[in-house]
1. Among the residues of the range 96-118, is any over 21 Å from LEU232 (Cβ atoms), modelled with pLDDT of 95 or more and not polar (S, T, N, Q)?
2. Going through the range 379-402 one residue at a time, which ones are in contact (Cβ under 8 Å) with a residue 12 or more places away in the chain and surrounded by fewer than 16 Cβ atoms within 10 Å (Cβ to Cβ)?
3. Criterion first (aliphatic (A, V, I, L, M) and closer than 25 Å to ASN218 by Cβ) does LEU97 satisfy it?
4. Go over the candidates PHE75, PHE139 one by one and state the one that is surrounded by 18 or more Cβ atoms within 10 Å (Cβ to Cβ), assigned by TED's automatic domain parsing to the domain that holds HIS33, of a type in the set (Phe, Trp, Tyr) and farther than 11 Å from SER9 by Cβ.
5. Just a yes or no: is a residue in the range 290-308 among the aromatic types (Phe, Trp, Tyr) and within 21 Å of ASP254 (Cα to Cα)?
6. Somewhere in the range 120-135, is a residue modelled with pLDDT of 95 or more, touching a Ser or Thr at 6+ places or on another chain (Cβ under 8 Å), of a type in the set (A, V, I, L, M, F, W, C) and under 29 Å from HIS64 (Cβ atoms)?
7. Being among the polar types (S, T, N, Q) and out of contact with any His (no Cβ under 9 Å at 6 or more places or on another chain) is the filter; apply it to the range 382-401 and report the residue that is nearest to GLY351 (Cα to Cα).
8. If ASN218 satisfies every condition in (1) over 30 Å from VAL178 (Cα atoms); (2) without any contact (Cβ under 8 Å) to a residue 60 or more places away in the chain but one, which is the exception?
Amino acid sequence: MNRPRVFISAAHKSSGKTTLTLGLAAALYARGHGVQPFKKGPDYIDPLWLGMAAQRACYNLDFHMMTHAEIDSRFSAASTGARISLIEGNKGLYDGLDLDGSNSNAALAKLLGAPVVLVLDARGMTRGVAPLILGYQAFDADIRIAGVILNNLGGSRHESKLRAVIEHYTDVEVIGAVQHEAGMQIAERHLGLVPANEQARAHASIRHVGERVAAQVNLQRLLEIADTAPELTAAQPPAIPSTAGRVRIGLAQDQAFGFYYSEDLDTLRAAQVELVPVDTLNDARLPELDGLIIGGGFPEMFMQALEANVSLRQHLHRAIESGLPVYAECGGLMYLSRTLSWQGQQRQMVGIVPGDTVMHERPVGRGYARLEPVANNRWQESASIPAHEFHYSSLENLPDNACYAYRVTRGHGIDGTHDGLQVHNLLASYVHRRGTGAQGWITPFLNQVRARKARAAA
């Protein structure tokens, strides 16, 4: 199975690899190539930008949330028909949680058999670039560093020195040399959420980065490196939940909410789910729905507008009280609480979650997490659940008898011990979970949705 692919990594974080990967995707797409982007790790923001650049949904690949077989399956399915797959790493090539590197970028490159192109932040560097490259080559003989892209160069003289050093001391090819340019930096407004009325500005920024990368990176050589990736054995197609009966599920998608994995949206559609967009800022009421999903986002940035939409807040409150199955993560949990306080302001939210959200200057929960379902888990889950979290807010003034679905064994969740508030048929958590897979949230959520619909039809 031929899947041309390249793993874009770096020596350390903040080397500019996301901007360069974005530029590579945009430049290759502009030349008529089908580009399939992937992002290592659970991040939602980089995939939003990469997907816009490639005009093709970006998929996450993550060892904590996925098995090796699931990674193989997702990569195989998504890369079908693409001229090239660009897999962007996170942090440095050999960085990861475990001492043995089993969840590192290098481990993912090996699993996928992808040649590595190393992005090197060249600021302040001359002869020292050689031992850096040699060390990265020697550290793991199973990793093939097929090329380097020099980034943040200080001019043509700086570039010439680095090229001469690399050619003299190493056998690694320089396939690109990108000069430092302030205009290459993409401002991550609201940490990456781009409102619909600013799509033109986002595409203009991506187009500019693509043009600058195309002028300074040998795209043909990148394609040739991708073509050297070995053939992959056929992977099992991704499993999908039961497709018994079509249902209409609302999906909060607007300026305030938009953190969803492309994989999970695919899984929902494959399970005969009609995804109905819900605009929490402008819709006066919910459409006719069998269930609702409110993912992560930044409701604090739009809390005045969310408060002002009184009719939707009231309608949503009544719908949940009436038993509408709802799944909410992080920003969704904040929106469903009583109030949201930030920068000296307090705004009214939906009020179905019996607590008040307070924003802080530092993260309350950050990193990978793990949940253990408790006895009164209404979704009837039993296995340990991998997750991740990144929230600056906490939920305060909760009642002592609050009903939780999970005990947190790693991470913070709602109070350091629990997560997954259960109110009627609502499950709301601070952690983000993968929806697809054996421990995903999609199957138990759809079981709730279809059970309620069947009772209503009886």
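1. yes
2. GLN380, ALA383, SER384, GLU396, ASN397, PRO399
3. When the stated conditions are applied, LEU97 does not pass them.
4. The unique qualifying residue is PHE75.
5. Within the range 290-308, one or more residues are among the aromatic types (Phe, Trp, Tyr) and within 21 Å of ASP254 (Cα to Cα).
6. The answer is no, given that none of the residues of the range 120-135 is modelled with pLDDT of 95 or more, touching a Ser or Thr at 6+ places or on another chain (Cβ under 8 Å), of a type in the set (A, V, I, L, M, F, W, C) and under 29 Å from HIS64 (Cβ atoms).
7. Step by step, filter the range 382-401, then rank; the result is ASN397.
8. (1)
The values are calculated or read from the model by the stated rules, or taken from the named source; none is laboratory data. Nothing here was measured: the structure is a model prediction, and the numbers come from that model. Here the Cβ is made from the backbone with ideal geometry for all residues, glycine too, and neighbour counts use every protein chain on show.
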